[in-house]
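The values are calculated or read from the model by the stated rules, or taken from the named source; none is laboratory data. Small disclaimer: the values here were computed from a predicted structure and weren't measured. Methodologically, a virtual Cβ is constructed for each residue, glycine included, from the backbone with ideal geometry; neighbour enumeration extends over all protein chains shown. All accessible areas refer to the heavy atoms of the entire protein, side chains included, with ligands and DNA or RNA removed. Shrake-Rupley method; radii C 1.70, N 1.55, O 1.52, S 1.80 Å.
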Amino acid sequence: MFWRQTRASGVRVVDTASVIRTQQSVFCAVTMVALAVAGLVVAAPATAAPSGWRYTMVAFSNASDRDMDVYQSGDGTRFQLLRKSAYRPPAGRVRDASIFRNTDGLYYITYTTASGANIGFARSADRVNWTPLGNWPVPFCCALLPGTGDGRGLGSSSGPGSSGSAGSSDGPSLSPFTTKAWAPEWFVEGGRVNIILSMSTGGGFVPYLMTALDPGLRVWSPPVPLAGIGADHIDTTVVKVGATYHAFTKNETKKFIQHAVAPTLVGPYRFVPPGNWGTFVEGPAVVQLPNGTWRMYLDAYRRGRHLYSDSRDGLRTWTPVKELPGLSGIARHVGVMREPA
């Protein structure tokens, strides 16, 4: 808005009352415009209000699989580091961590120790200070259940920096006992806490289900196989939409993520067309965004990138993968949890 004043060349008589009324009118108009603009400025945050949700991500990094980093986001896309090396177990690795908040108000992680047939546990009150709960050895009694190490797949065969979760090459099973328990994932339904883990007796990995038998999550049921998925599948995670259970699992032979559905948690699962997520990806983690969209995070381990893909139609179709800002080359095989902010 401009103000311009002209000068008269001659003497004029000025009606000061008129000028005063004009100035008052202008002042009122300017004031009303200023208030209107201020109203817009004040109202803007309401239209850009937080989602009301908080996303916590846990991950090991390319630099170290002995330490777990913790990240936080308000929108599930832009994650900020909450604490570097927030947790280091007393021994072994802390790979493939999965996180959830229990009814006791505490946060729990379970993770791959890479030490035989054990999975690790820890808990925290604030997501940054963690107390180890020890390792749980997968019972020998369950190694003879069908599926483990049946020799149909050879697992991952590449080294650090390019290998999948399975690590070095796995040959046909030579042992009747469980030799590896990897990539545990929480699945909670109706107050029942479960873990889906990948087990091997030396051959291909197979997804199994264990259920907590005590509130402290220290005693677990024997593993039960997820029927229909079969051998040579690792990094299996499950979400439920309506009455259908959706399993996302890495095919260790072809190195891509498959999608299977079932009427119950333990199956039988049948495979359906997956999204176009590419090859040499693993560690799918699936959460729901505030607008109802489902998001999958993927570790493109050979390219050193972390990706995501969205489904807006109940996990039937998926968007092309995009790179997750700020985490490529840093975070590996993430676990993501959503909770009210």
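Numerical summary
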read-out: DSSP-assigned coil residues among chymotrypsin sites (Phe, Trp or Tyr not before Pro) in region 280-337, each with at most 11 further Cβ atoms within 10 Å; value: none
read-out: Simple spin-label estimate for residue 189 and residue 54 in nanometres, 7 Å along Cα-Cβ; value: 2.8
read-out: Restricting region 201-282 to trypsin sites (Lys or Arg not before Pro) in coil, as DSSP defines it, with at most 14 other Cβ within 10 Å; value: 218, 254
read-out: Full-stretch length increase - residue 266, residue 77 - with 0.36 nm per residue and alpha-carbon distance subtracted; value: 64.9 nm
read-out: Sequence of 224, 94 from largest to smallest accessible area, 1.4 Å probe; value: 224, 94
read-out: Summed residue charge, Cβ within 15 Å of residue 74's Cβ, Lys/Arg positive, Asp/Glu negative; value: +3
read-out: Spin-label pair residue 341/residue 313, simplified geometry with 7 Å Cα→Cβ offset, distance in nm; value: 3.1
read-out: Förster-model FRET efficiency, 25 Å R0, residue 323 and residue 293, C-beta, rounded to 0.05; value: 0.90
read-out: Charge tally in the Cβ shell below 11 Å around residue 64, where Lys, Arg are +1 and Asp, Glu are -1, residue 64 excluded; value: +3
read-out: Using a Förster distance of 22 Å, the FRET efficiency for residue 64-residue 254 (Cβ separation, nearest 0.05); value: 0.15
read-out: Over 28 Å (Cα to Cα) - which of 84/255; 84/240; 180/254; 84/254 fall in this group; value: 84/255; 84/240; 84/254
read-out: Counted charge near residue 294, where neighbours are those whose Cβ lies closer than 12 Å (Asp, Glu -1; Lys, Arg +1); value: +3
